[in-house]
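Student: Below are the structure tokens for one structure; questions will follow.
The values are calculated or read from the model by the stated rules, or taken from the named source; none is laboratory data. Keep in mind it's a predicted model, so treat the numbers as computed, not measured. Don't worry about glycine lacking a Cβ; one is built from the backbone with ideal geometry, like all the others, and counts go over all protein chains shown. These accessible areas exclude ligands, DNA and RNA; they are computed on the full protein's heavy atoms, side chains included. Shrake-Rupley method; radii C 1.70, N 1.55, O 1.52, S 1.80 Å.
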Amino acid sequence: MIRLARPSDAPALLAIYAQSIHTPVTFEYELPSLEEFRERIRDISACYPYLVLEEDGAVLGYAYAHRLRERAAFAWDAELSVYLDNSARGRGLGTELYTVLLELLRRQGVQAVYGCITSPNPASVALHERLGFRYCGAFHRTGYKDGQWWDVLWYEKQIGSGGTPPAPLKRVDEIACFLTETTDRQENR
């Protein structure tokens, strides 16, 4: 089941995130506190989808979007992130999360989405390419972690109609009914 995250999910999501903290998947050096992570969920969820994937009551992964850049002209762009529990990798769950996230963002009025991937990460590159993202560039030697410099690859996908002028973004709660419909279809399979 895929659903919107709640602040009470913070312990389970932080445990999944902790599996990446000592890798270049994230450029954060230290694991955030539980309260800081809870606040991140609240802040992001105020505008963008923050999704949780559960299976038999266990949280196996999460994905979210956030604004790409702060200037007003970038209001219709979003950067995406997905994290899976180590035990859940290789089962297509990242694809499931991203597919629902992309549809929610499209319904919100987001026009373009971006994936930022520390290189090398062939699994993440494959996920983005499978979902129709295009490679659009690299920042070379841009992140320093674990005693070395890392490149970051950028992938993009146009998901909006490109109308001019673009309509204001809808709030997550205005389009969340889609998520309920999707969950109902998943449970009835």
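Student: Could you run the Karplus curve 6.51 cos²θ - 1.76 cosθ + 1.60 with θ = phi - 60° over the stretch 64-80 and give me ³J(HN,Hα) per residue in whole Hz, x for Gly and Pro?
Tutor: 8, 10, 8, 4, 6, 9, 7, 4, 4, 5, 9, 4, 9, 10, 9, 9, 10
Student: Over the stretch 67-113, what number does the Rg to Rh ratio reach, with both radii from the alpha-carbon atoms and Rh per Kirkwood? Don't skip to the answer; put the middle values down first.
Tutor: Values: Rg = 13.0 Å, Rh = 11.9 Å.
With Rh from the inverse mean 1/r over Cα pairs, Rg/Rh is 1.09.
Student: State the percentage of accessible surface on the stretch 81-155 attributable to carbon and sulfur atoms; use a 1.4 Å probe and exclude ligands, DNA and RNA. Before the final figure, lay out each step's value.
Tutor: On the way: 1840 of 3600 Å².
C and S atoms contribute 51 percent here.
Student: Another question, then. Grab the eigenvalues of the alpha-carbon gyration tensor for the chain, scale each by 5, take roots, and send me the semi-axes largest first in whole angstrom.
Tutor: On the way: eigenvalues 113, 96, 55 Å².
Semi-axis lengths for the chain are 24, 22, 17 Å.
Student: Measure of size requested: the Rg and Dmax of the stretch 92-166, with Cα atoms as the atom set and Å as the unit; please supply both.
Tutor: 14.3, 46
Student: Using only Cα atoms, what is the ratio of the radius of gyration of the stretch 33-89 to 2.2 N^0.38 Å? Working shown, then result.
Tutor: On the way: Rg = 13.3 Å, N = 57, 2.2 N^0.38 = 10.2 Å.
It is 1.30.
Student: What relative contact order, as a whole-number percentage, does the stretch 34-152 give when Cα pairs under 8 Å and 6 or more residues apart are counted? Don't skip to the end; give the middle numbers.
Tutor: Details: 149 pairs, mean separation 21.5, N = 119.
Relative contact order comes out at 18 percent.
Student: Something else: If the elastic network links every pair of Cα atoms under 10 Å, which of Leu101, Leu14, Leu84 fluctuates the most in the Gaussian network model of the chain?
Tutor: The residue with the greatest mean-square fluctuation here is Leu14.
Student: Let me check I've understood the local charge: for Ala112, count other residues with C-beta under 9 angstrom from its C-beta, Lys and Arg +1, Asp and Glu -1. What total comes out?
Tutor: Details: positive: Lys157; negative: Asp77, Glu156.
Local charge sum for Ala112: -1.
Student: Report the longest stretch of the chain that contains none of the GluC sites (Glu not before Pro) sitting in a DSSP loop with at most 11 other Cβ atoms within 10 Å.
Tutor: Values: sites that count: Glu28, Glu30, Glu70.
Here the longest segment lacking exposed loop sites spans 71-189.
Student: Is it possible to state the helix-based mean residue ellipticity at 222 nm for the chain, with each DSSP H run of 4+ residues giving -39500 (n - 2.57), the sum divided by total residues, to the nearest 500 deg cm²/dmol? What is it? Walk me through the intermediate numbers first.
Tutor: Numbers: 6 runs with 61 residues, N = 189.
Counting only the DSSP helices, I get -9500 deg cm²/dmol.
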